[in-house]
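The values are calculated or read from the model by the stated rules, or taken from the named source; none is laboratory data. Everything numeric here is computed off the predicted structure, so don't read it as measured data. Cβ placement follows ideal geometry from the backbone for every residue including glycine, while neighbour counts extend to all protein chains displayed.
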Amino acid sequence: MLARGRSNGEICAELMPSENTVKSHVRAIPQKLDLRDRVHAVIHAYENGLVGRNDLPD
(Lines give C-alpha, C1' and ligand atoms only; values in the text may rest on other atoms or scores of the structure.)
Protein backbone atom coordinates (compact mmCIF):
# COMPACT_ATOMS: atom_id res chain seq x y z
CA MET A 1 0.00 0.00 0.00
CA LEU A 2 2.92 2.28 0.73
CA ALA A 3 4.35 1.64 -2.72
CA ARG A 4 0.96 2.36 -4.25
CA GLY A 5 1.07 5.89 -2.83
CA ARG A 6 -1.35 5.41 0.04
CA SER A 7 -1.07 7.75 3.01
CA ASN A 8 -0.90 6.46 6.58
CA GLY A 9 -4.53 7.49 7.04
CA GLU A 10 -5.63 5.59 3.92
CA ILE A 11 -3.76 2.50 5.09
CA CYS A 12 -5.50 2.75 8.48
CA ALA A 13 -8.91 3.12 6.87
CA GLU A 14 -8.43 0.00 4.76
CA LEU A 15 -6.64 -2.29 7.22
CA MET A 16 -8.10 -0.88 10.46
CA PRO A 17 -4.98 -0.79 12.67
CA SER A 18 -4.30 2.32 14.72
CA GLU A 19 -2.44 5.14 13.01
CA ASN A 20 0.47 4.64 15.42
CA THR A 21 0.75 1.01 14.27
CA VAL A 22 0.82 2.07 10.62
CA LYS A 23 3.42 4.76 11.33
CA SER A 24 5.57 2.22 13.13
CA HIS A 25 5.46 -0.24 10.23
CA VAL A 26 6.02 2.45 7.59
CA ARG A 27 9.02 3.70 9.57
CA ALA A 28 10.41 0.16 9.88
CA ILE A 29 10.29 -0.67 6.16
CA PRO A 30 13.15 1.63 5.06
CA GLN A 31 15.18 0.64 8.13
CA LYS A 32 14.84 -3.08 7.41
CA LEU A 33 15.71 -2.60 3.74
CA ASP A 34 18.59 -0.20 4.53
CA LEU A 35 16.92 2.62 2.60
CA ARG A 36 16.90 6.32 3.35
CA ASP A 37 13.17 7.02 3.62
CA ARG A 38 9.61 6.27 2.51
CA VAL A 39 10.26 7.55 -1.02
CA HIS A 40 13.19 5.20 -1.47
CA ALA A 41 11.03 2.32 -0.22
CA VAL A 42 8.57 3.08 -3.03
CA ILE A 43 11.39 3.23 -5.57
CA HIS A 44 12.76 -0.07 -4.24
CA ALA A 45 9.34 -1.72 -4.59
CA TYR A 46 8.96 -0.47 -8.16
CA GLU A 47 12.49 -1.46 -9.23
CA ASN A 48 12.12 -4.94 -7.73
CA GLY A 49 8.78 -5.72 -9.33
CA LEU A 50 6.73 -5.55 -6.13
CA VAL A 51 4.45 -3.04 -7.85
CA GLY A 52 4.03 -2.20 -11.49
CA ARG A 53 3.02 0.82 -13.48
CA ASN A 54 -0.67 -0.17 -13.20
CA ASP A 55 -0.44 -0.22 -9.39
CA LEU A 56 0.68 3.40 -9.08
CA PRO A 57 -1.84 6.23 -8.65
CA ASP A 58 -2.63 8.38 -11.69
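On the basis of being part of a loop (DSSP other than H, G, I, E, B), of a type in the set (D, E, K, R) and surrounded by 11 or more Cβ atoms within 10 Å (Cβ to Cβ), does ARG6 make the cut?
Values: part of a loop (DSSP other than H, G, I, E, B): yes; of a type in the set (D, E, K, R): yes; surrounded by 11 or more Cβ atoms within 10 Å (Cβ to Cβ): yes.
Spelling it out, ARG6 is indeed part of a loop (DSSP other than H, G, I, E, B), of a type in the set (D, E, K, R) and surrounded by 11 or more Cβ atoms within 10 Å (Cβ to Cβ).
When you go through ALA45, ALA28 one by one, which is the residue that is of a type outside the set (D, E, K, R) and modelled with pLDDT under 95?
On the way: ALA28 fails: modelled with pLDDT under 95.
One residue alone meets the criteria, ALA45.
Looking at (1) exposed (fewer than 14 other Cβ atoms within 10 Å of the Cβ); (2) more than 10 Å from the chain's Cα centre (by Cα); (3) modelled with pLDDT of 90 or more; (4) not charged (D, E, K, R), which is the only condition ASN54 fails?
ASN54 satisfies all of (1) exposed (fewer than 14 other Cβ atoms within 10 Å of the Cβ); (2) more than 10 Å from the chain's Cα centre (by Cα); (3) modelled with pLDDT of 90 or more; (4) not charged (D, E, K, R) except (3).
If I filter segment 9-29 down to residues being in a helix (DSSP H, G or I) and hydroxyl-bearing (Ser, Thr, Tyr), which single residue comes out as nearest to the chain's Cα centre (by Cα)?
Going through the qualifying residues, I end up with SER24.
Can you name every residue in segment 30-50 that is in contact with a helix residue (DSSP H, G or I) (Cβ under 7 Å, 6 or more places away or on another chain) and either closer than 17 Å to SER7 by Cα or part of a helix (DSSP H, G or I) (or both)? Walk me through how you get there before you give the answer.
So the first thing to find is which residues in segment 30-50 are in contact with a helix residue (DSSP H, G or I) (Cβ under 7 Å, 6 or more places away or on another chain), and the list is 30, 33, 35-38, 40-41.
Passing the criteria: PRO30, ASP37, ARG38, HIS40, ALA41.
Just the residues that are surrounded by 14 or more Cβ atoms within 10 Å (Cβ to Cβ) and of a type in the set (A, V, I, L, M, F, W, C), please, taken from segment 19-40.
VAL22, VAL26, ILE29, LEU35
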